[in-house]
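Novice: Dropping a structure here in structure tokens format, bear with me for questions.
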Amino acid sequence: MNFYAVWAIYAYEMKRFFRTLMESFLSPVISTSLYFVVFGAAIGSRIAEVDGVSYGAFIVPGLIMLSVMTQALSNASFGIYFPKFIGTIFEVLSAPVNFLEIVLGYVGAAATKALFVGVVILITANFFVDLDIKHPIAMLAFLVMICISFSLFGFIIGIWSENFQQLQLIPLLVITPLVFLGGSFYSVSMLPPLWQKITLFNPIVYLISGFRWSFFGVADVPIALSALAVVIFSGICLGIVWFIFKTGYRLKS
């Protein structure tokens with residue numbers, strides 16, 4: 001393992017993040033505050049509790065997941081797409097590094113940025129509601145794994161994309177709607193029986209449910225299924241990345 005190469009890629013990507021650190025910090029703080037004003041105050045005044053948890057606290061895990069997933073996707077996809085766009089990706093591919101080291105550098109940086117956003121949102125949420133995390137180790141494990149898995153997914157999107165429009169296509173038209181429909185701001189049990197069954201086909205439900213369980217000990221699906229879903233999703237993404245580097249799909253052409 002060429003750790004120097006991994007660190008070089010990782011440090012380069014993180015420098016871009018630190019150049020806009022203030023914007024990276026303010027954006028999740030402002031968006032979290034607005035979500036609490038809209039959802040916490042407006043809807044929370046009509047819904048006191050969900051599964052024994054105050055509505056303001058109930059939406060925190062979903063709010064963190066919404067931001068973390070979108071940030072991981074956008075950071076990872078742009079991180080690998082930009083070298084493709086300007087042609088410097090060929091310098092990376094010709095260097096004495098294997099695909100795992102390249103992925104560790106780019107995905108590791110994207111996951112770190114998404115994790116930073118998640119922590120900022122968690123800290124901001126504490127100013128609005130009282131949070132008592134029942135399973136902090138499980139919460140951290142879910143957060144890290146989701147950051148990594150969606151960074152891998154974003155890495156795939158960045159390689160697949162041929163222009164900036166395609167770069168935003170899947171996050172805007174697929175991931176964001178699935179997150180909103182995946183129980184981010186409500187419990188699946190609040191839906192009619194038919195829609196509950198339909199919602200279970202949404203893979204995001206299992207991720208948000210497991211993350212919410214780590215906070216409050218309540219979940220829409222068994223925690224084992226949530227953990228399995230994260231592992232399977234990460235494995236599929238890693239397998240696709242391996243195939244891309246093995247075949248050179250949209251990298252060497």
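Each value in this text was obtained by applying a stated rule to the coordinates, not by laboratory testing. These numbers were taken from a predicted model, which means no experiment stands behind them. With ideal geometry, Cβ positions are generated from the backbone for all residues, glycine too; neighbour counts draw on all protein chains shown.
Novice: Got a sec? How would Asp130, Asp220 order by Cβ neighbour count within 10 Å, fewest to most? Let's see the in-between values first.
Specialist: Numbers: Asp130 9, Asp220 25.
Fewest-to-most Cβ neighbours within 10 Å comes out as Asp130, Asp220.
Novice: Shifting gears a bit: Find the Rg to Rh ratio for the chain, where Rh is the Kirkwood radius over alpha-carbon pairs and Rg uses the same atoms.
Specialist: Numbers: Rg = 18.8 Å, Rh = 18.9 Å.
Reported Rg/Rh (Cα atoms, Kirkwood Rh): 0.99.
Novice: Suppose each label sits 7 Å from its Cα in the direction of the beta carbon; what would the Trp7-Ile86 distance come out to in nanometres?
Specialist: 2.4
Novice: How many angstrom lie between the Cα centre of the stretch 173-198 and the Cα centre of the stretch 92-154?
Specialist: 23
Novice: For the residue pair Ser54 and Asn126, what label-to-label distance in nm results when each label sits 7 Å from Cα along the Cα-to-beta-carbon direction?
Specialist: Result: 1.6 nm between the two label points.
Novice: Just Val230, Val144, Val97 to compare: in a GNM of the chain, with alpha carbon springs under 10 Å, which one fluctuates most?
Specialist: In the Gaussian network model the winner is Val97.
Novice: Sticking with this structure for a sec: So what's the net charge close to Ile146: Lys and Arg +1, Asp and Glu -1, counting the other residues with Cβ under 15 Å from its Cβ? Before the final figure, lay out each step's value.
Specialist: On the way: positive: Lys113, Arg212; negative: none.
It works out to a net charge of +2.
Novice: On full extension of the chain, what length is gained from Lys197 through Ser94, given 0.36 nm per residue of separation minus the C-alpha to C-alpha distance?
Specialist: On the way: separation 103, 0.36 × 103 = 37.08 nm, distance 4.90 nm.
In short, 32.2 nm is gained.
Novice: A follow-up question, please. Enumerate lysine pairs in the chain that are 8 or more residues apart or on different chains, then count those whose Cα atoms are under 22 Å apart. Please report the intermediate quantities before stating the final value.
Specialist: On the way: Lys15/Lys84; Lys15/Lys113; Lys84/Lys113; Lys84/Lys246; Lys84/Lys252.
Here the count comes out as 5.
Novice: Something else: Work out, step by step, the length gained on full extension between Phe17 and Ser33: first 0.36 nm times the residue separation, then minus their alpha carbon distance; give nm to one decimal.
Specialist: Details: separation 16, 0.36 × 16 = 5.76 nm, distance 2.24 nm.
Answer, rounded to one decimal: 3.5 nm.
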